[in-house]
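Asks: Would you mind keeping the following structure in view while I ask a few things?
Each value in this text was obtained by applying a stated rule to the coordinates, not by laboratory testing. Everything numeric here is computed off the predicted structure, so don't read it as measured data. Every residue, glycine among them, receives a Cβ derived from its backbone with ideal geometry; neighbour counts consider all protein chains shown.
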Amino acid sequence: MQKQEVNIRLPRFTIDMTPQLTGLLWTLGIKDIFSPTEADLRGISNELFLTDIIHRALIQVDEKGSLANAATVALAERIGHVDEQYFEANRPFSFLVMDKKSGVVLFIGRIASF
């Protein structure tokens, strides 16, 4: 697959999620940190344990641009005539927000209706 500049048209959308991660971490076997008798956070405090972990993710796309700056299209240049490519997201679609330097996927989303 070749990188190419693409003119893209997206609908306005906002995804704002605040999942509680405690259950997921518990399923992965990370339990002691949530126990008042088993937690070992002595580098911070001897009397400390976690009750919950909450993460907030916000993606906002509108006519001004995107809130997640990493959501940019990779650019390439070609010598000679290049036909402009267009993509209009006028039906349900999925998207990724990646860190350009590391290639790590930061967000994955799906827009089903707009």
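Asks: Extending each Cα 7 Å along its Cβ direction at Thr37 and Asn90, get the distance between those two points in nm, one decimal.
Replies: With each label placed 7 Å out from Cα toward Cβ, I get 6.4 nm.
Asks: Leaving out same-chain residues fewer than 8 places away, which lysines sit with a Cα under 25 Å from that of Lys100?
Replies: Answer for Lys100, where 25 Å is the Cα cut-off: Lys3, Lys64, listed by chain and number.
Asks: Now, a different point. Once both labels are modelled 7 Å past Cα along the beta-carbon direction, what's the Asp16-Leu28 spacing in nm?
Replies: Each label point lies 7 Å from its Cα, and together they span 2.6 nm.
Asks: Here is a follow-up. How far apart, in nm, are the 7 Å Cα→Cβ label points at Ala112 and Asp83?
Replies: 3.5 nm
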